[in-house]
1. I'd like the full set of residues that are without any contact (Cβ under 8 Å) to a residue 40 or more places away in the chain and either surrounded by 12 or more Cβ atoms within 10 Å (Cβ to Cβ) or within 14 Å of Ala72 (Cα to Cα) (or both), limited to the stretch 119-133.
2. Scan the stretch 76-97 and give yes if some residue there is among the polar types (S, T, N, Q), over 21 Å from Ile29 (Cα atoms) and touching a helix residue (DSSP H, G or I) at 6+ places or on another chain (Cβ under 7 Å), otherwise no.
3. Does any residue in the stretch 32-48 that is in contact (Cβ under 8 Å) with a residue 24 or more places away in the chain come within less than 9 Å, Cβ to Cβ, of a residue that is basic (Lys, Arg) six or more places away or on a different chain, and which pairs are these?
4. Out of the helices (runs of 4 or more DSSP H) lying entirely within the stretch 57-142, which hold 1 or more residues that are more than 21 Å from Gly40 (Cβ to Cβ) and at pLDDT below 95?
5. Do the conditions hold for Glu27, that is, is it surrounded by 11 or more Cβ atoms within 10 Å (Cβ to Cβ) and among the charged types (D, E, K, R)?
Amino acid sequence: MNYNDALGVDPNANENRGSATMSFKPEQIACLCDALRQSGNMDQLSRFLWSLAPHDLLSGSESVLIARAAVAFHQGNYRELYAILESHNFDTTSHETLQELWYMAHYSEAAKLRGRALGAVDKYRIRKKYPLPRTIWDGDQTVYCFKEKSETRYEVLPEQSLPNAAGETRIGESDWT
């Protein structure tokens, strides 16, 4: 059973965009977009997005925007993908997925231009050349695969309190360092 059957939509009612015989609530649209995207069925997701009325597509729903970005990536329409990712501040729960789309699109474009697969250095240079937009990035630099916040997670004792905490003298501490 597909989404047209499940929701009572007649896909043959009219060939024009937004011609579905049934209107959807924003929650239903978001749910369908998420389900189709997570299932990996980009062709069906694309058809569903195409069947929506223009005001539903432009409503600003994050699920619809993420679905549009995923379809744009799948179809190789990277300019549309970049425009979507740069135009809306996405929730931090979506950042990882959207960051992957951003980088994979840039990698794909570069590989196509160069006519070969990219190596680690090529990918590093692309990441430096095309930094993540603020809309899908929390601003925390990644250093050697660790975010700065995670490096300072544990409190470091000041040097003077280290001998006291271990019950050592300053001379005993210098033997260990």
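1. Selection gives Asp122, Lys123, Arg125, Ile126, Arg127, Tyr130, Leu132.
2. No, there is no match, as no residue in the stretch 76-97 is among the polar types (S, T, N, Q), over 21 Å from Ile29 (Cα atoms) and touching a helix residue (DSSP H, G or I) at 6+ places or on another chain (Cβ under 7 Å).
3. The qualifying pairs are Cys33/Arg68; Leu45/Arg37.
4. Per the criteria, 78-87, 95-114, 120-129.
5. no
A quick yes/no check of all residues on (1) of a type outside the set (A, V, I, L, M, F, W, C); (2) farther than 20 Å from Arg68 by Cβ; (3) loosely packed, with under 15 Cβ neighbours inside 10 Å:
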position	(1), (2), (3)
Met104	no, no, yes
Tyr107	yes, yes, no
Ala111	no, yes, no
Arg114	yes, yes, yes
Ala117	no, yes, yes
Ile136	no, no, no
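The values are calculated or read from the model by the stated rules, or taken from the named source; none is laboratory data. Here the structure is a predicted model, which is why all the values come from computation and not from measurement. So basically every Cβ, Gly included, is an ideal-geometry build from the backbone, and we count neighbours across all protein chains shown.
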